Each structure stands twice: as structure tokens, then as C-alpha cells.
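Asker: Got a structure for you, written out below as C-alpha cells; questions coming shortly.
The values are calculated or read from the model by the stated rules, or taken from the named source; none is laboratory data. Because the structure is a prediction, the values reported are computed rather than measured. Heads up, the Cβs are rebuilt from the backbone with ideal geometry, glycines too, and the neighbour counts pull from every protein chain shown. Side chains included, ligands, DNA and RNA excluded: accessible areas come from the protein's heavy atoms. Shrake-Rupley method; radii C 1.70, N 1.55, O 1.52, S 1.80 Å.
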Amino acid sequence: MRGLDFEVQPSEFVALLGPNGAGKTTFLRILASLSRPSLGEVSVAGYRLPDQAAAVRARLGVVSHLPLLYGDLTAEENLRFFGRMYGVSNIEARITEVLEMVGLASRRRDLVRTFSRGMQQRLAIGRAVFHDPDVMLFDEPYTGLDQDASVMLDDVLRSVAAKGRTVVMTSHDLIHSGDLATRFDVLSRGVITASATRKQLGKTNLLSFYKKALAD
Amino acid sequence: MQSKPLTLKILDIACVLILAIATYLALIYAPEEAVMGQVQRVFYFHIGTAWTGLLGFLFAAGLGITYLVKQDLKWDIAEVAAVEISAVFFFITIVLGSIWARPIWNTWWTWDPRLTTAAITELIYVAYFMLREGIEDPDRRARFGAVYTLIGGLSAPITFLSIRLFRTIHPVVIGSGDPNAQGTFAMTPHMEVAFFFGLFAFTVIFIDLFWNRIRMGQLAAKVEQMKLNLMH
Amino acid sequence: MAADQQTSRASFLKAMFAITWKDLTAEFRSRELFSAMLVFSLLVILIFNFALELDITTRQTVTAGVLWVTFAFAGTLGLNRSMAVEKDRGCLDGLLLAPVDRSAIYFGKVVSNLVFMLIVEAIVLPVYSFLYDVNLFNLGLFLVILLGSIGYIAVGTLLASMAIQARTRDVLLPILLFPVAVPVLIAAVKASEGFLAGNDFGTIYAPLSLLIGYDVIFIAVAYMVFDYVVEE
């Protein structure tokens, strides 16, 4: 990845589109402080990486295509564990609140192992918003979900995760991204080839915008 | 494509000459040892390879630490070079030692502290290469390699200490467990010349191989980079 | 500043125990790891019975060795599994995303792995006593087992976090771990033998201090390098 210039305004929802191997996941891992860029500057919520990584991590929520949950723990135990890791105060009240937001309150004492893929992904969102982060990163959140689960996930992403937060999402799923995002950036071979806000896009079809950006 | 530096070419030729001289000194110049006979002559090379192999391993651990601090892959290339050559030298040491031990100690192998530590150190080298083999990402491979040489470099001397402990508590079962007990000899001046020249020869050969191996590593990295550029 | 340090220490301990709590809760529920380690240990002891013909006289001398070989094998099994759980569902990323010091993750995993190993050892000891009619209730032996397990797990947890990220992860851990854990095993076997034979403390002092030294050195090194093992 070379010469990538990327900026997000507070409470903007940016969808990062691009084909496989464009560097979307690498880029997101750098933002999440999981990878170090070999060159260049990164800052999230006003904190520089990697020097202030702990401050960045405390303000960051990540939903990836892997649930990042423990199968042998119940839903509430998973949340309790991550709550402790993030030093959240008043954990028990927050667990109830979050489980209700993602619609899993009735399954709180069930093992995550027994959850369907869609339910695991909803709990993963609950995990990501548990410490009330300012910035959310979604890495291909729809991978492995069927149509119904994807629609349900749309709702949760919109109402819970994205509400009032800055969001960067990578996806190759144009339909869902089109509904959620306020800005679309196309990433190809490690550089952003095109960028347009929903307003600029107007009536133009997202698919044709994407195809045109890749063709250039 | 850069060609081989002239100094390195000269060093290559010098190494061949030095090795020839060392061989002459060890096989012909040095007098035959009275008790052990001709087989004692492997010692001139045995010590040379052992000394460079061991130092090379410590050197590699140092290069590993440097890599972790600097995060520059050139230190990783040097570290691999050092471990690789040391592993070969160490293997030669063990084989030469065995050849010597067969007539002198009456066995190819005994579980003496030095031999056992040598065998375990050689296994650490092997594990190092297996670890590197299993990792695709060059940065991660370098980091894991550096961490492992560090751990190995620390544990090898402790292993030696612990086996010594083992031996002082247990009586030596095979009568010839300790090289100081059987197989020691006083060196004549001629033997000393052969001995010290052997040390010198293998140190120079180590440096020459090390330089060549680093060059090879750099070229391999360049090829890798060119392939990547071609794909884009 | 002092208050700042205090809160960071508090969050370090909190994160560390959160990880241990999470591992123990999951394990007491599924018992996958325990049952695998335990059944495996018992099988190893049974196999030793046939391989060594453990009659009354040999039992006296080999008990310590058999026990430590069993613990080492079972320990590898547990370490591999405990780290693989983190890797498989991307949980390691989840841990790394938390705003805590990476070494808190390392120490959390060390404590839970140590607890697993000690529980298995606590079950194996009476079973061995019962099967071979050897009295193993010996406070000195318990101390050695604790110190030996700490060193083994400290290095093992670090190496397992590397092994699970390699392609050959299922076979890699014992190959990486055994050659560098040799000092722990030797010293632990020596010290255990000494305590079981009722030797006076003077002879046990040396292996015991070696164990303590190994524990301190490798915990310190692992603490310093763990960041390099999990970061990209």
C-alpha cells in the first residue's frame, strides 16, 4: 500500500469499496492499531498511532467477519469479559442495556457456541459498542450471512453501531453499503481511485460509479 | 544487478588458500600425538568449527535483538546467515568429535555435558528453521526468528550448567565421560601452530561465508520485490 | 503521575485476571482441555509401565523422570489448545484491540495455563502413587512441581503464541519448546529425585536455584518480547 490519503470527518459513515486484494483489510488493521504501517502517519480521534495506541483502542469499536467471541462462554459472560478488558464501569447494567439493543436479551445465558451466525454477528456488534466508542470499524461484516440475517444486521448496524459515531466500513457488498454509507471511497491496488458523497452521487447508480472508478 | 565486490572475491580466494594451509598444518606439519595417534589430528578442525559455531550462535542472538529494536529486515538477513553457517559448522564439530571419540573413548557418543549441550543446540537451530519455514509474512518471520534465537541463546548456556549439575551428583557411568579424564594431551609448539591457525582459518571462513550469505539474502529479497512489482 | 501509575497498574491486573477468569470459566464448562490432558497423562504413565517394566527397584529411580516426561507432554497439549482457542475465532485480535498493555494478555494466559497444568498434576500424582505404591506426598516435591511448571509454562506460552501463527502449528510447539525447556526438565527431575529419596537439602539446593533462576530469566524475557510476537 503506497500513497494512500484518507480522512474521515466526525460522524461520517464511509464505505470503503474495492475488489479482493485491494488492501481494504490491511488498511483497516492499520487503523485498528493491529498492524503497523511501514511508512506514513495515522491518527484516530486525535491520537497518533502507534505511540498513543492505547488511547486509540479505548475509543475504537471493531466488527470483523470473525465474531471475536468465545464459544464456551454465554452471551453475558462474553460481554462481561470485554467490559473488564476495557475497564467499563457499571458492567452489569451495561450488559442488560446492550443485549436489549441487539435483541439478544432473552438468550443472555446461552452459550455463544449454540448461536446462529447472524446472532453471533449481532452479539459481536454488542461487544464492539460495549465501551461506547467514538469510532467504529466494520470489516466485511456481511461475510457468511444469508439474506435475512443481512437485513437484520443492517438494522442493528444503523440503529446501534453507527448512531452518532464515525464509521469506516470495508465491503464488497454494494447493496448494503449503498443503504448505510454517507460517503463512498473506492480502493484499488492500495490507493483510493475515487470518492463521492451520497449527495454528489445523486441519482447515479452506485454500481456504475464503482465500475467507472475501477476502470480508470 | 550488482556484481560481487572485489574485496569479497579476494576473500573467497584467500579462504581457499587458508583452508589448504590449515589442512597441511593439521595433517602433515603437526607431529603425531604419542598416545592417541593420527586420529588426534581432527582436533585442529574440531575446535575451529566449534568455536566459530558457538560464537556465531551468540552473534545471531545479538543480531536478533538488533532487528527487534531497529525493525529493519537487513538485520534479519544477517541473522539467518549467522544461524545457517553456525548450524553447519556445529554439525561438522559434532561429526569430527564423534570420529575422534570412537577410538579414544571407545564410543561414538556419550552423554557428557558438552556433547549433550552441542546436540541440543543443534536441535535449537533445526527448530529455528522449521519455525521460519512455517511463516509466510516476512516481517513476522523475522520477528519470530529473532525472538527464538534470543530464547535459544539464553537457554543453551543454562542447559550446559544444568547438565554439569546432573553429572556432579551422578557418578560418571561410562569411565570416559569427561574429556579431561581421557584424551587430554600437552601441545608441542608445532601443534600449537596448527591449532591456532585452525581457529584463525575457520574464523576467516565464517566471515567469508557470512558475507556471501548476506549478499545472497539481499539478492533474494530484491527478486521478491521485483516479482511483487511485476504483479502490480 | 503516581495516581496515573496506580490506575494503569490496576487496569493491568484487572485485564490479566479477566483473561484468567474467562479461560477458567470456559474450561470448567467444556472441560475439553482438562480431559484431553488428563487422559493423555494417564496413558503416558501406563505406557511407561510397559516400556520400562516398572518393578519395585526401578520405580525408586525413575519416578521423577516418568512424572516430568508426563507433565511435559500433557503441558504441550494444553498450551497448544489454549492458544489455538484464541486464534480460531479471531479472539486474539479481540484481546489485542483492548486498551491494555500486551503483557497483561501474556500474564493472563500464563496464569490460566499454569492453573490447568497444576490441576492435571494434582490429579496425576495421587493416581501414580496409587498405581505404583510410591508415596509422593512430599512438600519439597510440590515446591519443585510448582517452580518447574512456572518455567515450562512461561516459555511455553510465549512459544505457543508463535507456533499457532505458523502454517505447521500442530506439530511445531513441541519442537520449539523441548530443546529450550531442557534445563527446566533436568533441574526439576534432579530436585524431585532428591526430595523423593530424602536427600539432605545441600544436594538439592543447586537444581532448585537453577529452577528459580530459569523462571526469573525467562519470565523477564517473555515479558519484554511478547509485544513482538503478537503485533504486526
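Asker: Which residues, taken from region A:176-185, are open to solvent by less than 10 Å² (accessible area, probe 1.4 Å) and modelled with pLDDT of 85 or more?
Answerer: Once the filter is applied, which keeps residues that are open to solvent by less than 10 Å² (accessible area, probe 1.4 Å) and modelled with pLDDT of 85 or more, region A:176-185 yields A:F184, A:D185.
Asker: Do you know which of the residues in region C:182-208 that are facing another protein chain (nearest Cβ under 10 Å) and not hydrophobic (A, V, I, L, M, F, W, C) is nearest to the chain's Cα centre (by Cα)?
Answerer: C:P183
Asker: Hey, another quick one. Identify all residues within region A:196-216 that are part of a helix (DSSP H, G or I) and of a type outside the set (A, V, I, L, M); write none if there are none.
Answerer: Of everything in region A:196-216, those that are part of a helix (DSSP H, G or I) and of a type outside the set (A, V, I, L, M) turn out to be A:R198, A:K199, A:Q200, A:S208, A:F209, A:Y210, A:K211, A:K212.
Asker: Quick one: count up the residues across region C:49-105 that are within 14 Å of chain A (Cβ to nearest Cβ) and outside any loop (DSSP other than H, G, I, E, B).
Answerer: The total comes to 19.
Asker: Give just the number: which of (1) open to solvent by 10 Å² or more (accessible area, probe 1.4 Å); (2) under 25 Å from C:L125 (Cβ atoms); (3) more than 10 Å from chain B (Cβ to nearest Cβ) does C:V144 not satisfy?
Answerer: C:V144 satisfies all of (1) open to solvent by 10 Å² or more (accessible area, probe 1.4 Å); (2) under 25 Å from C:L125 (Cβ atoms); (3) more than 10 Å from chain B (Cβ to nearest Cβ) except (1).
Asker: Let me ask another. Which residues, counting only those in region A:20-39, are in contact (Cβ under 8 Å) with a residue 12 or more places away in the chain, of a type outside the set (D, E, K, R) and under 20 Å from A:V167 (Cα atoms)?
Answerer: A:A22, A:G23, A:T25, A:T26, A:F27, A:L28, A:I30, A:L31, A:A32, A:S33
Asker: With the requirement that a residue be surrounded by 24 or more Cβ atoms within 10 Å (Cβ to Cβ) and over 30 Å from C:S192 (Cβ atoms), what does region C:67-94 give you?
Answerer: Across region C:67-94, the qualifying residue is only C:G94.
Asker: Restricting attention to region C:180-213, and to residues there that are without any contact (Cβ under 8 Å) to a residue 60 or more places away in the chain and outside any helix (DSSP H, G or I), which single residue is surrounded by the most Cβ atoms within 10 Å (Cβ to Cβ)?
Answerer: Ranking the qualifying residues of region C:180-213, first place goes to C:N199.
Asker: If you don't mind, another one. Residues of region A:104-124 being more than 14 Å from chain C (Cβ to nearest Cβ) and either surrounded by fewer than 16 Cβ atoms within 10 Å (Cβ to Cβ) or of a type in the set (D, E) (or both), which ones?
Answerer: Result: A:A105, A:S106, A:S116.
Asker: Go through region B:21-59 and count every residue that is over 11 Å from the mean Cα position of the chain (by Cα) and not acidic (D, E).
Answerer: 23
Asker: Assess whether C:V216 counts as being more than 10 Å from every other protein chain (Cβ to nearest Cβ), aliphatic (A, V, I, L, M), closer than 26 Å to B:F144 by Cβ and surrounded by fewer than 17 Cβ atoms within 10 Å (Cβ to Cβ).
Answerer: Against the criterion (more than 10 Å from every other protein chain (Cβ to nearest Cβ), aliphatic (A, V, I, L, M), closer than 26 Å to B:F144 by Cβ and surrounded by fewer than 17 Cβ atoms within 10 Å (Cβ to Cβ)), C:V216 qualifies.
Asker: Considering only region C:128-141, state which residues are open to solvent by less than 10 Å² (accessible area, probe 1.4 Å) and either closer than 18 Å to C:I186 by Cβ or among the basic types (K, R) (or both).
Answerer: The one that is open to solvent by less than 10 Å² (accessible area, probe 1.4 Å) and either closer than 18 Å to C:I186 by Cβ or among the basic types (K, R) (or both): C:L141.
Asker: Hey, another quick one. Please go through region A:52-87 and give me each residue that is out of contact with any Pro (no Cβ under 9 Å at 6 or more places or on another chain) and surrounded by fewer than 18 Cβ atoms within 10 Å (Cβ to Cβ), ordered by number.
Answerer: Correct list: A:Q52 only.
Asker: Counting just the residues of region B:97-149 that are of a type in the set (A, V, I, L, M) and within 7 Å of chain C (Cβ to nearest Cβ), which one comes out farthest from the chain's Cα centre (by Cα)?
Answerer: Ranking the candidates gives B:I135 first.
Asker: Quick one: would you say C:L176 is within 14 Å of chain B (Cβ to nearest Cβ) and either under 24 Å from C:V62 (Cβ atoms) or open to solvent by less than 60 Å² (accessible area, probe 1.4 Å) (or both)?
Answerer: Answer is yes for this residue.
Asker: Could I ask something else about it? Within region A:33-44, can one find any residue that is aliphatic (A, V, I, L, M), open to solvent by less than 20 Å² (accessible area, probe 1.4 Å) and more than 14 Å from chain C (Cβ to nearest Cβ)?
Answerer: Checking region A:33-44: not a single residue is aliphatic (A, V, I, L, M), open to solvent by less than 20 Å² (accessible area, probe 1.4 Å) and more than 14 Å from chain C (Cβ to nearest Cβ).
Asker: What number goes with the only condition from (1) of a type in the set (S, T, Y); (2) at pLDDT below 95; (3) crowded, with 23+ Cβ neighbours inside 10 Å that C:T157 does not pass?
Answerer: (2) is the only condition that C:T157 fails.
Asker: On to the next question. Report whether or not C:A15 is over 19 Å from the mean Cα position of the chain (by Cα) and either modelled with pLDDT under 90 or of a type in the set (G, A, S) (or both).
Answerer: Considered against the rule, which asks whether it is over 19 Å from the mean Cα position of the chain (by Cα) and either modelled with pLDDT under 90 or of a type in the set (G, A, S) (or both), C:A15 comes out as yes.
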